[in-house]
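Colleague: This structure is in structure tokens; I'll ask about it shortly.
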Amino acid sequence: MPFLSSAWYVAAFSREITVDAPLARTLLDRAIVLYREASGAVVALDDRCPHRFAPLSRGRLIDGALECPYHGLRFGAAGTCVLNPHGDGRVPAGAVVRRYPTRERYGAIWIWFGEAHEAATVPLPEFEFLDPLHNFTCDGYLLTQANYQLSADNLLDLSHFQYLHPDTLGSDMMARGTVQSASEGDTVWVHRAMRGEILQPFVGRSFGVPDGKAADRDLDVRWQPPGLLTITVSVREAGAAPEMTRVGMSAHWLTPETAATTHYFFSFGLPREMGDEGEALVRFSVEGLMKPFRDEDLPMLEAQQRAIGERDFWSLRPALLPIDAGAVRARRIMERLIADDLAYLNAAVPGAPQRVAGCVSEVSGR
Amino acid sequence: MPFLSSAWYVAAFSREITVDAPLARTLLDRAIVLYREASGAVVALDDRCPHRFAPLSRGRLIDGALECPYHGLRFGAAGTCVLNPHGDGRVPAGAVVRRYPTRERYGAIWIWFGEAHEAATVPLPEFEFLDPLHNFTCDGYLLTQANYQLSADNLLDLSHFQYLHPDTLGSDMMARGTVQSASEGDTVWVHRAMRGEILQPFVGRSFGVPDGKAADRDLDVRWQPPGLLTITVSVREAGAAPEMTRVGMSAHWLTPETAATTHYFFSFGLPREMGDEGEALVRFSVEGLMKPFRDEDLPMLEAQQRAIGERDFWSLRPALLPIDAGAVRARRIMERLIADDLAYLNAAVPGAPQRVAGCVSEVSGR
Amino acid sequence: MPFLSSAWYVAAFSREITVDAPLARTLLDRAIVLYREASGAVVALDDRCPHRFAPLSRGRLIDGALECPYHGLRFGAAGTCVLNPHGDGRVPAGAVVRRYPTRERYGAIWIWFGEAHEAATVPLPEFEFLDPLHNFTCDGYLLTQANYQLSADNLLDLSHFQYLHPDTLGSDMMARGTVQSASEGDTVWVHRAMRGEILQPFVGRSFGVPDGKAADRDLDVRWQPPGLLTITVSVREAGAAPEMTRVGMSAHWLTPETAATTHYFFSFGLPREMGDEGEALVRFSVEGLMKPFRDEDLPMLEAQQRAIGERDFWSLRPALLPIDAGAVRARRIMERLIADDLAYLNAAVPGAPQRVAGCVSEVSGR
């Protein structure tokens, strides 16, 4: 299935992009180079010199332009060649690389693969709890050898905590928790509630529930296209007053590297008003989750990918359970958005309906 | 070429299948999970949960059922879901995995990929010398990066002992030995006789011929579809009475893992009435053969596979020698059986002739 | 794009081919075995026994014939089976492997993939400075994971010294040097001149220019099909008399291993009349160049190959600069020669025009 172009994807964490060293990263099957101008503005270009296809990301940054490491052509933030050091220095017409719109927010660099003029009209989704001005944040990253929608399925059905993460995140009560899902526009919510649950020490400690004490835990997952999720965990001692509830929020951003590999960015945020405790807690969360994510989720996602191979997910006729409702809604939304985009791209006839969503990116031949 | 389905293949040695730990093994391009019920009965299922395609083989065995490691669905020996731990616990209609008929005999687990109702009508081939009640047995296993029919070719023409195994199994007389081949029904025999041969120490010791003494050696190979061979070696000192002949028998079972890789199971058996000497001898045989099989046969088979690639064997127009007669018969039998099965599978017209043989397995898309 | 057959390619350095041990090497997607007869003549055969496709290169050389390591058939220098050790010893009609014409000159073994009778009519290109009778020579080899024409592009535009090899071969003046290219028949020349250049120590030392002294440097590249280059470097102190110029010559021979990998043979030669200094200098050159070739050129060529993938070079619409003139001429010559050969191969009609060039090799299916 092609990728959805007209959407904001996370390309990198902000801290990864510097003025000194360009970053090479494959996104939606395209080789991209990212760097920062002296002004702090982030530039994203095709990482392929139009002359002989050398990777620009191996070149030097000189005066805000990127020098090709093979023959020294320099490309500026607009993607045009700004210097040809050879002969009379004339720049040939085709010496230009594609430039992608970017934004920087929530500690991340966002990139747009659709038509550039549309980027300005589409707002970023909201992750206010990661605004570094008001919050402590801590983030983590994993490269997953599986399609990004398998990761979305994973995050939209947290019942798997019981089976895949029994020693950290799960409990014997999760499968029996109540589950509700809903959608509004292109956003999907899944709510799961456990009452009187005995938490694993990692979760108990994160939310201040003493070992062995029963707790009430609510998990709220919000999904938005193309694969941007917020998980809100609310915990209190069983029977405690609602105002005693402690809340933890995390963002989970899925960006396809290729059809079968995914950049998984995740980030935790807590209000700065919590002081040292908040700062320690976001760090504790990321450090504690890296192990189950890497050693338990990743092998499962990668086994699913191997089982599916290059086939369409639905062609394998998965058995559907009520717990899949949210994940299925998300998949159906993506299918509709991608189909809309293909229709838009193919509609060259006059009087064709105006596009609403975006356009599907062409997959570069790999 | 597709695989022959309506045939018994060896899936594993008996000792590999336990009540505690499921075994994952790819057979005929299918991911299979094998385990043993408390009763001792062996269960073989598709190793892919029908819900989200997780490998069941990574799950736990609980009360004779296999629990999916991702969301906890449990599957029983019939392949049906016997427990859905979520919500109201109802089991959706599609929550079933394919179950394959199995048998246990000759120290091995046999599996049937054709239509289940036909399995009961087809007997296992005979390998009575491996019946553990009456025989000492010892077995070995190698995974070969080559098509299973290249291994059958290898075993059906033992003249290669002289060139590929000169220090263990061969002698300078093998190429000049007399060779005869025959077939009856779908069984192929090749007989090779050497007279007055000076044996390598490994063979001499196995059959009680003193170093340097001339011997008469007969090699009898029996092949049956899809790749089940018995090799009978008969040796006596040159000129000794026929009743002084010592005989060693071994089974060689070839099961395709994929079109280009093969599970090679082999097993030696000697009558329990031989006492300690018999027990020591089967062990001596397997230990002594592992090195030439692994270090001499495997590299050759894998080089052949690389040379052939995905092309049809015959499309390369191999030069045919008289020594190839048995191997060519075996290949022709397999081609006929597979063609018959394809015809049977394609025959949906009323009044079509009744199937005699079996059906060709669909290759799962990998 | 198919390979050009009717051309001499370098298969190996002379010293690699011995009477004792056959050499296996893939050339133009074909598995080839090379060995030397007692007379010193070099034999090149398809490295695949016609019986069961075993690699002959793993066999023994016996009396100038190559014994198949699997079943002992022996093949002589003509490619025909000269011994069948089995049964009555008759050799079946198809037991023959293709033999390729070879020549030995300039310290290298040259091989011809076109029709054998044409080889005699096509002279080797000249590399007299490598004639070992009159010259000291020293050579090097690298296997490159990139198409051979990317290496030719690299050698035909030495302006890349400035960017890719700034610490060894380059200088800040190279991009501003004057460049001229020309062609005559199927030969391409590129001349680049730098005046008053401050050389890197490696170059200065090679040509006797004291550190920090300005020099005049000329680089002359000659290219011939299919990928045979001579680079002549001429250096003198700036303003010195022309007769003070020192000259270094090197050959660069590109032989496709596959469409995406290349055998890169290079060799330096200096007249024996230079004595010890000449001998030391050719060694100094190869040792000094191995590092920039391996650590700077190879990664760049391989990155280009990954960016291009299996696509046609021109389909990516490279921006063309004046410095590319020589490389583009060479690519166009190759395209014409290959097209001519395809036309020749396809011309079965009587009265079709006589072939002038050669024939395109069939790519073996890999």
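The values are calculated or read from the model by the stated rules, or taken from the named source; none is laboratory data. As the structure is a prediction and not an experimental result, all values here were calculated from the model. Here Cβ is always computed from backbone atoms with ideal geometry, including for glycine, and neighbour counts include all displayed protein chains.
Colleague: Tell me which of these A:Gly140 doesn't satisfy, since it passes every other one: (1) over 12 Å from the mean Cα position of the chain (by Cα); (2) touching a residue at least 40 places away in the same chain (Cβ under 8 Å).
Modeller: Result: A:Gly140 fails condition (1) only.
Colleague: Please go through (1) in contact with a Ser or Thr (Cβ under 7 Å, 6 or more places away or on another chain); (2) within 8 Å of chain A (Cβ to nearest Cβ) for B:Glu104 and return the number of the only condition it doesn't satisfy.
Modeller: Of the numbered conditions (1) in contact with a Ser or Thr (Cβ under 7 Å, 6 or more places away or on another chain); (2) within 8 Å of chain A (Cβ to nearest Cβ), the odd one out for B:Glu104 is (2).
Colleague: What residue, among those in the range A:284-313 that are among the small types (Gly, Ala, Ser) and more than 21 Å from B:Arg30 (Cβ to Cβ), is surrounded by the fewest Cβ atoms within 10 Å (Cβ to Cβ)?
Modeller: At the first step, the residues of the range A:284-313 found to be among the small types (Gly, Ala, Ser) are A:285, A:288, A:303, A:307, A:309.
The next check asks that each one be more than 21 Å from B:Arg30 (Cβ to Cβ); those that pass are A:285, A:288.
Numbers: A:Ser285: 22, A:Gly288: 17.
Among those that are among the small types (Gly, Ala, Ser) and more than 21 Å from B:Arg30 (Cβ to Cβ), it is A:Gly288.
Colleague: Mind checking which residues of the range B:166-183 are touching a strand residue (DSSP E or B) at 6+ places or on another chain (Cβ under 6 Å) and either part of a strand (DSSP E or B) or acidic (Asp, Glu) (or both)? Show your work before the answer.
Modeller: Within the range B:166-183, the subset touching a strand residue (DSSP E or B) at 6+ places or on another chain (Cβ under 6 Å) is B:171, B:173, B:177-182.
Those that are touching a strand residue (DSSP E or B) at 6+ places or on another chain (Cβ under 6 Å) and either part of a strand (DSSP E or B) or acidic (Asp, Glu) (or both): B:Thr178, B:Val179, B:Gln180, B:Ser181, B:Ala182.
Colleague: Right, here's the next one. Taking the condition surrounded by fewer than 17 Cβ atoms within 10 Å (Cβ to Cβ), among the basic types (Lys, Arg) and at pLDDT below 95, does C:Arg366 pass?
Modeller: On the way: surrounded by fewer than 17 Cβ atoms within 10 Å (Cβ to Cβ): yes; among the basic types (Lys, Arg): yes; at pLDDT below 95: yes.
In short, yes.
Colleague: Here is a further query. Exactly one of these conditions fails for C:Gln162: (1) free of Cβ contacts under 8 Å to residues at least 60 places away in the same chain; (2) not assigned by TED's automatic domain parsing to the domain that holds C:Asp297. Give me its number.
Modeller: C:Gln162 satisfies all of (1) free of Cβ contacts under 8 Å to residues at least 60 places away in the same chain; (2) not assigned by TED's automatic domain parsing to the domain that holds C:Asp297 except (2).
Colleague: Restricting attention to the range B:314-328, and to residues there that are buried (at least 20 other Cβ atoms within 10 Å of the Cβ) and touching a residue at least 40 places away in the same chain (Cβ under 8 Å), which single residue is nearest to the other protein chains (Cβ to nearest Cβ)?
Modeller: B:Ile323
Colleague: Here is a check on your reading of the model: is A:Leu150 of a type in the set (A, V, I, L, M, F, W, C), assigned to a helix (DSSP H, G or I), in the same structural domain as A:Thr232 (by TED's automatic domain parsing) and within 23 Å of A:Phe284 (Cα to Cα)?
Modeller: Numbers: of a type in the set (A, V, I, L, M, F, W, C): yes; assigned to a helix (DSSP H, G or I): yes; in the same structural domain as A:Thr232 (by TED's automatic domain parsing): yes; within 23 Å of A:Phe284 (Cα to Cα): no.
Answer is no for this residue.
Colleague: Checking A:Phe284 against (1) within 14 Å of another protein chain (Cβ to nearest Cβ); (2) among the aromatic types (Phe, Trp, Tyr); (3) in contact with a Ser or Thr (Cβ under 8 Å, 6 or more places away or on another chain), which test does it fail?
Modeller: The number of the failed condition is (1).
Colleague: It is to be established whether one or more residues within the range C:97-106 are in contact with a Cys (Cβ under 7 Å, 6 or more places away or on another chain), within 24 Å of C:Leu28 (Cα to Cα), part of a strand (DSSP E or B) and not assigned by TED's automatic domain parsing to the domain that holds C:Gly140.
Modeller: No, the conditions are met nowhere in the range C:97-106.
Colleague: Which residues, counting only those in the range A:231-248, are surrounded by fewer than 22 Cβ atoms within 10 Å (Cβ to Cβ) and part of a strand (DSSP E or B)?
Modeller: So the first thing to find is which residues in the range A:231-248 are surrounded by fewer than 22 Cβ atoms within 10 Å (Cβ to Cβ), and the list is A:231-234, A:236-248.
Of everything in the range A:231-248, those that are surrounded by fewer than 22 Cβ atoms within 10 Å (Cβ to Cβ) and part of a strand (DSSP E or B) turn out to be A:Ile231, A:Thr232, A:Val233, A:Ser234, A:Arg236, A:Glu237, A:Arg246, A:Val247, A:Gly248.
Colleague: Show the residue pairs that are 6+ apart or on different chains and have beta-carbon atoms under 8 Å apart, the first residue being within the range A:46-62 and within 8 Å of chain C (Cβ to nearest Cβ), the second being part of a loop (DSSP other than H, G, I, E, B) and of a type in the set (Gly, Ala, Ser).
Modeller: Pairs found: A:Arg48/A:Ala54; A:Pro50/A:Gly94; A:Pro50/A:Ala95; A:Pro50/C:Ala319; A:His51/A:Ala95; A:His51/C:Ala319.
Colleague: Pairs, please: C-beta under 7 Å, at least 6 apart or cross-chain, first residue more than 11 Å from B:Leu142 (Cα to Cα) and in the range B:278-299, second crowded, with 21+ Cβ neighbours inside 10 Å and among the β-branched types (Val, Ile, Thr)?
Modeller: B:Val282/B:Thr137
Colleague: Can you tell me which condition C:Thr137 does not meet? The list is (1) polar (S, T, N, Q); (2) outside any strand (DSSP E or B); (3) in contact with a helix residue (DSSP H, G or I) (Cβ under 7 Å, 6 or more places away or on another chain), and all the others hold.
Modeller: With (1) polar (S, T, N, Q); (2) outside any strand (DSSP E or B); (3) in contact with a helix residue (DSSP H, G or I) (Cβ under 7 Å, 6 or more places away or on another chain) applied to C:Thr137, the lone miss is (2).
Colleague: Being assigned to a loop (DSSP other than H, G, I, E, B) and more than 30 Å from A:Ile62 (Cα to Cα) narrows it down to one of A:Pro92, A:Pro125, so name that one.
Modeller: Details: A:Pro92 fails: more than 30 Å from A:Ile62 (Cα to Cα).
Going through A:Pro92, A:Pro125 in turn, the sole match is A:Pro125.
Colleague: Step by step: first the residues of the range B:157-173, then only those that are more than 17 Å from B:Arg222 (Cα to Cα) and among the aliphatic types (A, V, I, L, M), then the one that is farthest from the other protein chains (Cβ to nearest Cβ). Which residue is that?
Modeller: So the residue we want is B:Leu169.
Colleague: Scan the range A:290-313 residue by residue and report those that are at the interface with chain B (Cβ under 10 Å from one of its Cβ atoms) and in a loop (DSSP other than H, G, I, E, B).
Modeller: A:Gly309, A:Glu310, A:Arg311
Colleague: Being surrounded by fewer than 21 Cβ atoms within 10 Å (Cβ to Cβ), closer than 17 Å to B:Tyr163 by Cα and within 7 Å of chain B (Cβ to nearest Cβ) is the filter here, so list the residues in the range C:84-96 that pass it.
Modeller: If the condition is that a residue be surrounded by fewer than 21 Cβ atoms within 10 Å (Cβ to Cβ), closer than 17 Å to B:Tyr163 by Cα and within 7 Å of chain B (Cβ to nearest Cβ), then C:Pro85, C:Gly87 are the ones that fit.
Colleague: Go through the range A:54-83 and report how many residues are buried (at least 21 other Cβ atoms within 10 Å of the Cβ) and under 18 Å from C:Arg317 (Cα atoms).
Modeller: Going through the range A:54-83 one residue at a time, the tally reaches 9.
Let's see how each residue does on (1) over 21 Å from C:Arg331 (Cα atoms); (2) surrounded by fewer than 21 Cβ atoms within 10 Å (Cβ to Cβ):
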{"residue": "C:Tyr141", "(1), (2)": "yes, yes"}
{"residue": "C:Thr144", "(1), (2)": "no, no"}
{"residue": "C:Asn147", "(1), (2)": "no, no"}
{"residue": "C:Leu150", "(1), (2)": "no, no"}
{"residue": "C:Asp157", "(1), (2)": "no, no"}
{"residue": "C:His160", "(1), (2)": "no, no"}
{"residue": "C:Leu169", "(1), (2)": "yes, no"}
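Colleague: Between C:Asp153, C:Asp139, which is closer than 30 Å to C:Gly309 by Cβ and of a type in the set (D, E, K, R)?
Modeller: C:Asp153
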